[in-house]
Each structure stands twice: as structure tokens, then as C-alpha cells.
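S.K.: Pasting in a structure now, in C-alpha cells, and then I'll have a few things to ask.
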Amino acid sequence: MWILAFTQGALSFTVGSALVARVMAEAHAAPTMSGAFSTTALNLGAIIGPIAGGAALNLNGTQGVPLTSALLVALALPLWWVRTTTRRVLVR
């Protein structure tokens, strides 16, 4: 269990840094603002994730965690879809 926790933490730091770098590379006009916003988004995720996981454990036990993960992904997919379709319209 401790090995999994360590691996997940290491991957989180790796993915977070890569996401911040990607956002900063895309935002040529405002690199400082993009770094601040992407770091803030990662920090919000670091807050919301444990709260949602704790609530899931409290309400449904261990079965609630995958359901909560699926719910959060279901909420994120429409946001991703809107973002990609909006970007395609703006690029044309």
C-alpha cells in the first residue's frame, strides 16, 4: 500500500509539472498569468480530490470511491468537450 501511495505521489508531481509547462507554452502573451492559473487549478484539484474521496468513503464505504471518480470524470468531460469545440471555432 505504501509503494502505491509513493508511486501515485511521484506521478502527481510529474503530471502537474508537465501540465503547468504545457499551459505556459500555449499562453505566449501572458506566461506569468498562465502559470498562476494552472498552479491554482492544480491546487484546487488537490483540495477537492481528498474532500470528495473522504465524503465517498463516509457515505458508501470503499465502493463509493470509484463511483465518485466516475462522477468527477463525467463532470469533466462536458467541460473538455466545450473547450475543444470552442478552440476549433476560434482557430478557424
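No lab work stands behind these numbers, since they all come straight from the coordinates. It should be emphasised that the depicted structure is a prediction, and the values quoted were computed from it without experimental measurement. All Cβ positions, even for glycine, are placed from backbone atoms using ideal geometry, and neighbour counts span all protein chains on display.
S.K.: Can you tell me the relative contact order of the chain? Whole percent, Cα pairs under 8 Å, sequence separation 6 or more. Write down the numbers at each step before the final one.
M.R.: Details: 25 pairs, mean separation 11.9, N = 92.
Relative contact order, the chain: 13 percent.
S.K.: Calculate for the chain the 222 nm mean residue ellipticity that helices alone would give, adding -39,500 (n - 2.57) per DSSP H run of length 4 or more and normalising by residue count, nearest 500 deg cm²/dmol. Before the final figure, lay out each step's value.
M.R.: On the way: 3 runs with 83 residues, N = 92.
So the calculated ellipticity at 222 nm is -32500 deg cm²/dmol.
S.K.: Based on the Cβ-Cβ distance from residue 74 to residue 2, what FRET efficiency comes out when R0 is 41 Å, to the nearest 0.05? Working shown, then result.
M.R.: Numbers: r = 31 Å, r/R0 = 0.75.
Here the calculated transfer efficiency is 0.85.
S.K.: Here is a further query. Given just the C-alpha atoms of the chain, how large is their convex hull per residue in cubic angstrom? Walk me through the intermediate numbers first.
M.R.: Numbers: hull volume 9.9 nm³, N = 92.
Per residue, the Cα convex hull of the chain comes to 108 Å³.
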